[in-house]
């Protein structure tokens, strides 16, 4: 049997206290005068024997209580049947500082418990051993082997961060650092909540390095987060209420009520309502964004959720143009209905061109191109339009009644219509 904290065994000296009390405890007797002493000797012997036995039992229980209390602090364990490695050691300790470690365990974040476990591991080794303190950040200073005091100071600086690393990548980084040391004995410690998306250690093949997993688990796994957000309309418009759809996901196994959704826009934050999200499902809600000036816009969506808060905000940026440039490519006679529709809306700046007078280099200046009533599409125009759509342009096609289905028009029609949809 071995002990994690053998220095606590010095407390066994406290066993002398109940022994001293037992040896030097004298009970004072009170003299009582009475006449008949015929049976006094027999009663005295029987009472003295019982009292001595009772005192010995009390002494034994006190000694056992103190001994068990000391052993509990010393934390005994039975080591495996393997040779004890002697000599200096190089120890690598990985402390998972991803967002999931902000969950609570006994009113303390998992990261704080992980840091405490890391300190205990460092103090369990000798002052001559070397340590690597590694987090998901993979910072340069975490790639060096440090002394005991430096390692403890580095543990205190660990904070929650957005980086996430698979455990195979972490162990490879740890072995790389351990190989730079001079010690023959290597040890790796992984302190994490071992989320499924990072736990990819199916087996450990290195027999020269000891691998120890230290799992942590939150008491209450409750979390709701903002999953995604998108506009209902393809293009946000100026001076109009643009409906923004928000998907909220409940990752826990219990129904959550009073989930408050808010939106921050133009430096102002306003509540948008209270939601109820059933367990393991999603709820879609909507907010209205009124854009009153053109250019890039920033919107921040937020919900109230505790203790896991890293997914409680959703940031999105979008651009609202003052005018949407539209190029209409049509035969010589333009469709007056299409012209009236585009010019009747103030957000469109329509430019009507003939298929014979197009500057292909200017196509990227338009957010949308409309092919209206073309009987055929030349090979050059088809190639340019195909490149335009691949770069994110929008194409709308109104085929002519007498369109030549065997021309380039038909060859690229599926691409155009798919892009329009």
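Determine whether residue 132 is under 30 Å from residue 203 (Cβ atoms), in the same structural domain as residue 199 (by TED's automatic domain parsing), without any contact (Cβ under 8 Å) to a residue 40 or more places away in the chain and not in a loop (DSSP other than H, G, I, E, B).
no
Here are the criteria: (1) loosely packed, with under 13 Cβ neighbours inside 10 Å; (2) in contact with a strand residue (DSSP E or B) (Cβ under 9 Å, 6 or more places away or on another chain). Tell me which single one residue 176 does not satisfy.
Single failed check for residue 176: (2).
If I ask for residues that are crowded, with 18+ Cβ neighbours inside 10 Å and assigned to a strand (DSSP E or B), which ones from the range 298-308 would you list? Walk me through it before giving the result.
As a first pass, look at the range 298-308 and keep what is crowded, with 18+ Cβ neighbours inside 10 Å: 299, 301-303, 305, 308.
Of everything in the range 298-308, those that are crowded, with 18+ Cβ neighbours inside 10 Å and assigned to a strand (DSSP E or B) turn out to be 299, 301, 302, 303.
Return the only residue of 276, 286, 252, 192 being surrounded by 15 or more Cβ atoms within 10 Å (Cβ to Cβ), without any contact (Cβ under 8 Å) to a residue 60 or more places away in the chain and touching a strand residue (DSSP E or B) at 6+ places or on another chain (Cβ under 8 Å).
252
The values are calculated or read from the model by the stated rules, or taken from the named source; none is laboratory data. Bear in mind the structure is a predicted one, so any value in this text is a computation, not a measurement. Cβ coordinates were reconstructed from backbone atoms using ideal geometry, including for glycine residues, and neighbour counts include every protein chain displayed.
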